[in-house]
Protein chains: 2
Amino acid sequence: MFDIGLIRVITLDDPEALNCHGHLIERAYPGLSVESACIPDQPEGIHSEELGQIAVPKIVELARTRFVDKDMILISCADDPGLAEVRAALPGKPVAGAGECTVALAMKAGKRVGVLGIVDWPPKAYREQLGDSLVGNYRPEGVNSTLDLQTNAGRAACLRAARQMAEDGCDVIALGCTGLATIGIAGELQRETGLPVIDPVVAMGAFAAYGAAHR
Amino acid sequence: MFDIGLIRVITLDDPEALNCHGHLIERAYPGLSVESACIPDQPEGIHSEELGQIAVPKIVELARTRFVDKDMILISCADDPGLAEVRAALPGKPVAGAGECTVALAMKAGKRVGVLGIVDWPPKAYREQLGDSLVGNYRPEGVNSTLDLQTNAGRAACLRAARQMAEDGCDVIALGCTGLATIGIAGELQRETGLPVIDPVVAMGAFAAYGAAHR
């Protein structure tokens, strides 16, 4: 068994919510075992630069204390907060962020990548690595945080945004928030638009599966 | 079960040799099922531009006739021969090449990528996508084709080349030939150098595993 430590960047008391991303990965990739932990005192997660900065030392602390003996550490946020810092703190430990994994899969799936997210700009790795392949950033109407995604109105707004992305000529949809993984909407968006959709949590799982196959 | 058609670009009569890459993927990623087929009349595989050009129509033919109903098609060669042509021939069908998958994983694993292969230049995707991250191309002494890898001398030369790559400051080793997957040397190189090593066949498997998780 390949043991993964997964860091949630939103404070979650409910074990089912806490373990949701881990369970997605375990279901998708037999042979991976995921333990999840969340940062304290950030009940809204990260949806601003400032909240991201506050989160970084907490993420590093979790990696160093809870997950130092894991085979791999995953940071379950499309903005990859603390990714460089965790790598610096634990040299040689495989660490991956949801954003960079999504970008890597999106670049293989198409040439015109649209980002569907909850803020008005694409996450860091998407901005820095997609280059000319980035068609644009799409925020579903009325959705401003990961919590808004969990309503019927939020889900419908995501579907409308995805249809718009297809009309605008995107040939792949990269989800720009792991909250979209939480609501498990990638398959539905894929069927609705006919485009490949990259889910950040399942994308991290692919890289972890490679690590497991290959240690 | 997620059904994959895998195209070998070397003519192989022995079923064990033919299925070797498929078995690697099946062992590494439970839930994937791989059927392999090889192109005719190329017993030395592809180790020149000319051999590559001769192979392309045969690869497209295999994809169209044998694998049109598969969930995904993999082209098991680090130079990705026929990849664009198969995509053009079968719109909407997921198709991946060993080279592009290796590059995607290598770019996430490090910033200074060395390519270990059997010719004097890196395969296409490595040249085009690694950019400034490409440290150099390394050919083990005395190795000129995939068949040379299967000798003790060939294996020892690979280990020497990998040590040189580490000394030269590479922080990840991308294997530039699927023949290196056939001889299963990635783990040994990883232990020998302490660097992450990207195996082209196992890399394709990671993308297939994502496809399976996410259809």
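The values are calculated or read from the model by the stated rules, or taken from the named source; none is laboratory data. Not measured: the values here are computed from a predicted model. Cβ placement follows ideal geometry from the backbone for every residue including glycine, while neighbour counts extend to all protein chains displayed. These area figures cover heavy atoms from the full protein model, side chains too; ligands, DNA and RNA do not enter into them. Shrake-Rupley method; radii C 1.70, N 1.55, O 1.52, S 1.80 Å.
Just a few scattered comments:
- Label distances, nm, A:Arg27 versus same residue in remaining copies, Cβ-directed 7 Å point: 3.0
- Volume per residue of the convex hull around the Cα atoms, evaluated for the stretch A:56-101, comes out as 62 Å³.
- Sparsely packed trypsin sites (Lys or Arg not before Pro) within the stretch A:1-98, loop by DSSP, other Cβ within 10 Å at most 15: A:Arg66
- Residues of chain B: accessible area per residue with a 1.4 Å probe, Å²: 41
- A:Arg87 sits among other residues whose Cβ lies under 13 Å from its own Cβ, and their net charge, with Lys and Arg +1 and Asp and Glu -1, is 0.
- Position A:Ala166, label points 7 Å along Cα→Cβ, spacing to each other copy in nm (shortest first, one decimal): 5.0
- Loop-resident sites, the stretch A:137-215, for GluC sites (Glu not before Pro), counting at most 14 other Cβ within 10 Å (DSSP): A:Glu141
- B:Thr151 contributes an accessible area of around 70 Å² to the protein surface, as traced by a 1.4 Å probe with all chains present.
- Computed over the alpha-carbon atoms, the stretch A:100-199 gives an Rg to Rh ratio of 0.92, Rh here being the Kirkwood radius from the mean inverse distance.
- Low-density loop positions, GluC sites (Glu not before Pro), the stretch B:1-93 - DSSP coil, at most 16 other Cβ in 10 Å: B:Glu44
- Choice from B:Ala186, B:Ala96, B:Ala17 showing the highest fluctuation, given a GNM over chain B with Cα pairs closer than 10 Å: B:Ala17
- Counting protein heavy atoms only, the stretch A:100-199 has 45 percent of its accessible area on carbon and sulfur, 1.4 angstrom probe.
- Distance from the C-alpha centroid of the stretch A:154-199 to that of the stretch A:41-70: 27 Å, rounded to the whole angstrom.
- When accessible surface is computed with a 1.4 Å probe, chains B and A are found to bury approximately 1900 Å² between them, both chains counted.
- Burial of 10 Å² or greater, the stretch B:81-118 residues [accessible area, probe 1.4 Å, versus chain by itself]: B:Arg87, B:Glu100, B:Ala104, B:Leu105, B:Lys108
- The stretch B:83-182, dipole about Cα centre (Lys/Arg Cβ +1, Asp/Glu Cβ -1), debye to the nearest 20: 220
- Charged side chains reduced to their Cβ positions (Lys and Arg at +1, Asp and Glu at -1) give the stretch A:4-154 a dipole of some 600 debye around its Cα centre.
- Net charge dipole size for the protein assembly as shown [Lys, Arg +1 and Asp, Glu -1 on Cβ; Debye, nearest 20]: 40
- D (Stokes-Einstein, µm²/s), Kirkwood Cα radius, chain A, 1.002 mPa s at 20 °C: 126
- Sequence-distant residues sharing a close amide H with B:Arg112 (under 5 Å, placed H): B:Asp171, B:Val172
- Whether the stretch A:150-215 is rounded, prolate or oblate, judged on the alpha carbon gyration tensor where a/c under 1.5 counts as rounded: oblate
- Derived scalar couplings between HN and Hα for the stretch B:119-135 equal 10, 8, 9, x, x, 3, 4, 5, 5, 7, 9, 6, x, 5, 6, 7, 6 Hz in order, rounded to whole Hz, by the Karplus curve 6.51 cos²θ - 1.76 cosθ + 1.60 (θ = phi - 60°), x for Gly and Pro.
- For the protein assembly as shown, the alpha-carbon radius of gyration amounts to 0.96 times the rule-of-thumb value 2.2 N^0.38 Å expected for a compact globular protein.
- Considering only alpha-carbon pairs that sit under 8 angstrom and 6 or more positions apart, the relative contact order computed for the stretch B:56-201 is 24 percent.
- Teacher prompt: B:Asp41 distances to equivalent labels in other copies, 7 Å Cα→Cβ, nm: 7.3
- Only helical runs count toward this figure. For chain A, summing -39,500 (n - 2.57) over DSSP H runs of n ≥ 4 and dividing by all residues gives -13500 deg cm²/dmol at 222 nm.
- Size descriptor, Kirkwood hydrodynamic radius, that averages inverse alpha-carbon separations across the stretch A:10-103, Å: 13.7
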